[in-house]
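S.K.: The structure's right below; bear with me while I get my questions together.
The values are calculated or read from the model by the stated rules, or taken from the named source; none is laboratory data. Because the structure is a prediction, the values reported are computed rather than measured. Please note: Cβ atoms are built from the backbone with ideal geometry, for glycine as well, and neighbour counts cover all protein chains shown. Just the protein is used for accessible areas: all its heavy atoms, side chains included, with ligands, DNA and RNA removed. Shrake-Rupley method; radii C 1.70, N 1.55, O 1.52, S 1.80 Å.
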Amino acid sequence: MSDGNTTRRGVLRGALAGSAALAAGRAAAESDPLITELQDWTSFGGDPITARPYGLPIRFEADVIRRNVPWLTADPVSSINFTPIHALEGTITPQGCAFERHHSGAIELAKENYRLMINGLVDQPLVFSYADLERFPRENHVYFCECAANTGMEWAGAQLNGAQFTHGMLHNMEYTGIPMRTLLQEAGLGAAGDLADKWIYVEGADASSNGRSIPMEKALDDVLVAFKANGEALRKEHGYPVRLVVPGWEGNMWVKWLRRIEVTDGPVESREETSKYTDVLEDGTARKWTWVMDAKSVITSPSPQQPITHGHGPVVITGLAWSGHGKITRVDVSKDGGMTWETARLDRGSDPKALARFYLDTEWNGEPWLLQSRAMDETGYVQPTKAALREVRGENSVYHNNCIQTWAIAADGSAENVELS
Ligand SMILES: Nc1nc2c(c(=O)[nH]1)N[C@H]1C(S)=C(S)[C@@H](COP(=O)(O)O)O[C@H]1N2
Ligand SMILES: [Mo]
């Protein structure tokens, strides 16, 4: 055994003296055939470097995939699948398992067929090719994208048994793009006059067009016209070759296959911002222009798809937190359904409008837990309970459900989606 291992063991022994986990580790080391016998992978060569020009996850990870809920939508062309957040770590979502939401399916649009038009109240209407866009100064930023309908099925009660399904309309990527401001300035905003009451209308090249109105103030602030995610081209399903990134605001505004930006003197009041993506309130009226995604968090492990399977002793509770208003400043974890709270360790939590990862390194000895997490952001906002949200929103809402989620952990380590009354 190397000195490195001896030292690491010494540290573990000090930290976890007498724990079940350490005892199990010691017993295994003496009789474990994986240690005492010669294995294939130590005896033969592996794959040549020519085996996979572009790599996929190893087959043992084949269950870390996007999944859908067939009964949710009538048709898989206008539908949604969910990020396997229960099985991911850190904060960056790989494109290959980042949720998809299409209103008319994912289209295939080649760079050479791509055009982006800017028209309306501009000095000079312009049409850009993809190659034109590559010549503008670009920036890199990490942002979360959450569909406003994320957790929307939970308004009426605990419905779906897994963080992937309750909270998986969520991804977080590093985008490379051109500030919207740069392109608007290229077209010239002199003709628009006073910008305070101006808007842009953005639409995609797919059959749905998914048109949305965005106030000029936001357009000139941090909106990106993006063409790369996590260092590589956008995937087809995320809007290849160009999509809009609208930091902190509901996913519906992140128009994919972006084809047109029109400067307007008011909102267009499109389908996606009137009959959809408005919030029905307790009294039956609907609230519109609820763009910002309020602070929210969820424990990803343990959770229904990620039960505790290693017996008693040390356990890592972990999850994600995010806020469309800026940075996550604190996340608390409760094991007793919100009666008492412990402050979690924030790791990768300082990027505004990006996912934060939190950990509570703790012990579990078979006692029942009612696990919850509660996020706070830099505005001082605290993630609300479902009861508090229902007082305003009733039970017929769909969008913008950022309530505290509860997982019940049973004596066998299994976890279930429950609602506390
Ligand atoms: N052109 C176009 N853009 C679109 C959509 C669409 O159907 N067409 N869906 C929107 C919705 S509702 C969401 S939540 C996000 C999802 O982005 P993703 O599929 O990359 O996860 O894209 C938005 N942009
Ligand atoms: Mo969405």
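S.K.: Kindly evaluate K288 against the criterion of being more than 9 Å from ligand 1 (Cβ to nearest atom) and free of Cβ contacts under 8 Å to residues at least 40 places away in the same chain.
M.R.: Against the criterion (more than 9 Å from ligand 1 (Cβ to nearest atom) and free of Cβ contacts under 8 Å to residues at least 40 places away in the same chain), K288 qualifies.
S.K.: Under the condition of being touching a Phe, Trp or Tyr at 6+ places or on another chain (Cβ under 6 Å) and of a type in the set (A, V, I, L, M), which residue from the stretch 241-273 is nearest to A131 (Cα to Cα)?
M.R.: Taking the candidates together, the pick is V242.
S.K.: Got at least one residue in the stretch 291-301 being open to solvent by 50 Å² or more (accessible area, probe 1.4 Å), modelled with pLDDT of 95 or more and not polar (S, T, N, Q)?
M.R.: Yes, the stretch 291-301 has at least one match.
S.K.: Another one. A110 fails exactly one of the following numbered conditions: (1) surrounded by fewer than 20 Cβ atoms within 10 Å (Cβ to Cβ); (2) within 16 Å of ligand 1 (Cβ to nearest atom); (3) among the aliphatic types (A, V, I, L, M). What is the number of that condition?
M.R.: (2)
S.K.: Quick check, is I409 of a type in the set (A, V, I, L, M, F, W, C), in contact with a Phe, Trp or Tyr (Cβ under 9 Å, 6 or more places away or on another chain) and farther than 29 Å from K218 by Cα? Steps first, please.
M.R.: Numbers: of a type in the set (A, V, I, L, M, F, W, C): yes; in contact with a Phe, Trp or Tyr (Cβ under 9 Å, 6 or more places away or on another chain): yes; farther than 29 Å from K218 by Cα: yes.
For I409, the condition - of a type in the set (A, V, I, L, M, F, W, C), in contact with a Phe, Trp or Tyr (Cβ under 9 Å, 6 or more places away or on another chain) and farther than 29 Å from K218 by Cα - is met.
S.K.: Let me ask you something else. Within the stretch 69-112, take every residue that is away from ligand 2 (no atom under 13 Å from the Cβ) and modelled with pLDDT under 95 and give me the one that is farthest from V242 (Cα to Cα).
M.R.: Among residues in the stretch 69-112 that are away from ligand 2 (no atom under 13 Å from the Cβ) and modelled with pLDDT under 95, the one farthest from V242 (Cα to Cα) is W71.
S.K.: Are there helices (runs of 4 or more DSSP H) fully within the stretch 17-67 with at least 1 residues that are among the β-branched types (V, I, T) and modelled with pLDDT under 95? List them.
M.R.: Passing ranges, in order: 33-36, 40-43.
S.K.: Then there's this: Does L72 fit the bill of being in a loop (DSSP other than H, G, I, E, B) and either on the phi < 0 side of the Ramachandran plot or not assigned by TED's automatic domain parsing to the domain that holds T166 (or both)?
M.R.: yes
S.K.: Could you tell me which numbered condition P368 fails, if it satisfies all but one of (1) open to solvent by 60 Å² or more (accessible area, probe 1.4 Å); (2) of a type outside the set (D, E); (3) more than 21 Å from the chain's Cα centre (by Cα); (4) within 30 Å of G284 (Cβ to Cβ)?
M.R.: In the conditions (1) open to solvent by 60 Å² or more (accessible area, probe 1.4 Å); (2) of a type outside the set (D, E); (3) more than 21 Å from the chain's Cα centre (by Cα); (4) within 30 Å of G284 (Cβ to Cβ), P368 misses (4) alone.
S.K.: Output the qualifying pairs, or none if there are none: Cβ atoms under 7 angstrom, residues six or more apart or on different chains, first residue in the stretch 297-315 and among the aliphatic types (A, V, I, L, M), second residue surrounded by fewer than 19 Cβ atoms within 10 Å (Cβ to Cβ).
M.R.: Listed pairs, sorted by first residue: I308/W364; I308/G413; V315/T362; V315/E363; V315/W364.
A quick yes/no check of all residues on (1) assigned to a loop (DSSP other than H, G, I, E, B); (2) touching an Asp or Glu at 6+ places or on another chain (Cβ under 7 Å); (3) at pLDDT 95 or above:
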residue	(1), (2), (3)
G326	yes, yes, yes
D332	no, yes, yes
G338	yes, no, yes
A354	yes, no, yes
D361	no, no, yes
G366	yes, no, yes
A375	no, no, yes
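S.K.: Can you pull out the residues in the stretch 223-270 that are out of contact with any Lys or Arg (no Cβ under 7 Å at 6 or more places or on another chain) and of a type in the set (D, E)?
M.R.: E232, E237, E250, E262, E269, listed by residue number.
S.K.: Return the residues of the stretch 333-345 that are crowded, with 21+ Cβ neighbours inside 10 Å and not small (G, A, S); say none if nothing qualifies. Steps first, please.
M.R.: Our first condition is that a residue be crowded, with 21+ Cβ neighbours inside 10 Å; within the stretch 333-345, this holds for 333, 344.
Hit for the stretch 333-345 is V333, nothing else.
S.K.: Within the bounds of the stretch 83-90, is there any residue that is in contact (Cβ under 8 Å) with a residue 12 or more places away in the chain, within 13 Å of ligand 1 (Cβ to nearest atom) and more than 28 Å from A388 (Cα to Cα)?
M.R.: No, every residue in the stretch 83-90 fails to be in contact (Cβ under 8 Å) with a residue 12 or more places away in the chain, within 13 Å of ligand 1 (Cβ to nearest atom) and more than 28 Å from A388 (Cα to Cα).
S.K.: Need a quick list: strands (runs of 3 or more DSSP E) entirely within the stretch 197-289 having at least 3 residues that are open to solvent by 10 Å² or more (accessible area, probe 1.4 Å) and either among the β-branched types (V, I, T) or not assigned by TED's automatic domain parsing to the domain that holds L389 (or both).
M.R.: Where strands (runs of 3 or more DSSP E) fall fully within the stretch 197-289 and carry at least 3 residues being open to solvent by 10 Å² or more (accessible area, probe 1.4 Å) and either among the β-branched types (V, I, T) or not assigned by TED's automatic domain parsing to the domain that holds L389 (or both), they are 199-204, 258-264.
S.K.: Going by the conditions given, is D361 touching a residue at least 24 places away in the same chain (Cβ under 8 Å), open to solvent by 70 Å² or more (accessible area, probe 1.4 Å) and farther than 19 Å from W249 by Cβ?
M.R.: So D361 fits the description; yes.
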